[in-house]
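Engineer: Please see the structure below; I have some questions.
Rule-based calculations on the coordinates, nothing more; no lab input. Here the structure is a predicted model, which means the values were calculated and not measured. Here Cβ is always computed from backbone atoms with ideal geometry, including for glycine, and neighbour counts include all displayed protein chains.
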Amino acid sequence: MTSAQLYEANRLGILIPWMKKNAEELKTARELLIADRGGFYYEPIAGLHESVGELDFTSLYPMIMLNKNLSGETVRCKCCPDSKNRVPELDYNICEKHIGIVPRSLEPLLEKRRKYKALKQTTTDPILRSMYEMRQVALKWILVCAFGYLGFKNARFGRIDAHIATCAFARKILKDAVHLAESRGFRLIHGIVDSLWLKKEGATEQDYLRLRAEIEAETGFPLSFEGIYRWIVFLSSKTNKSIPVLNRYYGVFRNGKIKDRGIATRRHDTPLIIDKCIREVIHALSEAENAEEFQGKLKLTCKIIQKYIGLLRSGEVPLEELTIRKRLSKNPNEYKNMVLQAIAANQLVKEGALLNAGECVSYIITKGQGKIPKSHVLAFELCEKSNSYDAEAYIDLLLSSVETILMPFQNERSTIV
């Protein structure tokens, strides 16, 4: 983003400050309460739902920055105090005389991503399709960073006022979209920043496509229709089952595609053996066409879980499938509480390795003597084939992961297995 912004400034002959001096304007506590709110969430209705459609705004935050001309030098500019372009809720003025450096730098990235997504849909060559997909995903994450970079204190053309203005527009767009959907007879199941899950009895894909077109016309921002789920499960907090979690769900579309967020299969520290188990459980459930069949498939999941528990207790699971990978939040010698990744890191340091905060370490939970944590962890690089693992510890991790996804249907861990 720095390169893109400096390129645009240089191309336009604009002097680039060697050090940022455009500080945030002072705000009262009341102004901060209104302004510093981030994205908007609707609380999901926890549990199992049939025939839910998903609509997602395409690159919403970068598109807002582009279409609304949000940049460090355009929001609350001195040249247009009476501008008709205002930020909702905050009433900040937006420059009408100049297009900002940030929108200029985002435009080619958004256009490239749009073209790669279109090319992916039109090509029949699997190699080209894979290449186009990787490129559009790379551009997606650059665009995700663009929003955070807008509020970064050292970004040359960023500013916190522009950052919170982007959030204000996003909140209004999501709420406008929900109000329009509800006026057309759709029921909101969940809404999170730039995504909506909606349900309407008997609604077809054409009904969702018509709604998408109406929302695009109303808000001025593009939407993608992800499809209709056969079923989708929104999950609750493990500590308080009455509180739904905002971004933890799994479901299967009518075309058979599985989508999951916030569960063990999405975590980078999940051991492969547990990942395999959860995926097999969800795959078995994905064969259900509706809620009634889903309930019937739950009995099959118990057999799958028991199979993996038996594998773990057999002692024959390869160590590679038991590896837990964690990122160090501190340097190894700075940990006061000896969490497992810190113990593994210090083991490697003693062997001459150089590790710093931000790096990852891999370890195995082993059978140790007594309750001393150091005797229950071994860095993966120091493992030998003869090392044995603590099967019960891994079974506990497995059941915890399974409990997360099956909690709405079985209340106690004992009923899951």
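Engineer: I need the peptides 200-207, 72-79, 111-118, 93-100 ranked by packing, meaning the mean over residues of other C-beta atoms within 10 angstrom, with the highest value on top.
Structural biologist: Packing proxy ranking, top to bottom: 72-79, 93-100, 111-118, 200-207.
Engineer: Grab the Cα-Cα distance for Lys153 and Ser224, subtract it from 0.36 nm times how many residues apart they are, and report the gain in nm with one decimal.
Structural biologist: My answer for the length gained is 22.3 nm.
Engineer: Given R₀ = 22 Å, what would the calculated FRET efficiency be for Glu403 paired with Glu320, taking r from the Cβ atoms and rounding to 0.05?
Structural biologist: With R0 = 22 Å, the Cβ-Cβ based efficiency is 0.30.
Engineer: Among the helices of the chain (complete DSSP H runs), which have Cα atoms covering no less than 27 Å along the helix axis and a Kyte-Doolittle mean of at least 0.5?
Structural biologist: Span-like helices, by this rule, are 126-150.
Engineer: Given that just one value was derived from the coordinates, which of (1) 142; (2) 172; (3) 209 is volume of the Cα convex hull per residue in Å³?
Structural biologist: (3)
Engineer: Estimate the FRET efficiency between Thr124 and His268 by the formula 1/(1 + (r/R0)^6), using the beta-carbon distance for r and 30 Å for R0, to the nearest 0.05.
Structural biologist: 0.35
Engineer: Label Lys112 and Asn290 with points 7 Å out from Cα along Cα→Cβ: what is the distance between them in nm?
Structural biologist: 4.8 nm
Engineer: Then there's this: I'd like to compare 350-357, 293-300, 39-46: which one has the highest average count of other Cβ atoms within 10 Å, and what's the full order after that?
Structural biologist: 39-46, 293-300, 350-357
Engineer: Would you mind calculating the gained length between Met131 and Lys27 on full extension (0.36 nm times residue separation, minus the Cα-Cα distance), in nm to one decimal?
Structural biologist: 32.8 nm
Engineer: Once label points are set 7 Å from the Cα along Cα→Cβ at both Gln306 and Arg327, what is their separation, rounded to one decimal in nm?
Structural biologist: Taking the two extended label points, one gets 4.0 nm.
Engineer: Below 26 Å, Cα to Cα, which lysines can Lys367 reach? Residues fewer than 8 away in the same chain don't count.
Structural biologist: List returned: Lys276, Lys307, Lys326, Lys336, Lys350, Lys385.
Engineer: Top mean-square fluctuation among Asp125, Asp269, Asp36, Gaussian network model of the chain, C-alpha springs under 10 Å?
Structural biologist: Comparing Asp125, Asp269, Asp36 in the GNM, the peak value goes to Asp125.
Engineer: Related question: Need one word for the stretch 34-178: rounded, prolate or oblate. Basis is the Cα gyration tensor (sqrt eigenvalues a ≥ b ≥ c); a/c below 1.5 gives rounded, then a/b vs b/c decides.
Structural biologist: oblate
Engineer: Further question: What residues qualify as long-range amide H neighbours of Ser236, i.e. H under 5 Å apart, gap of 5 or more or another chain, H built at 1.01 Å from N?
Structural biologist: Val245
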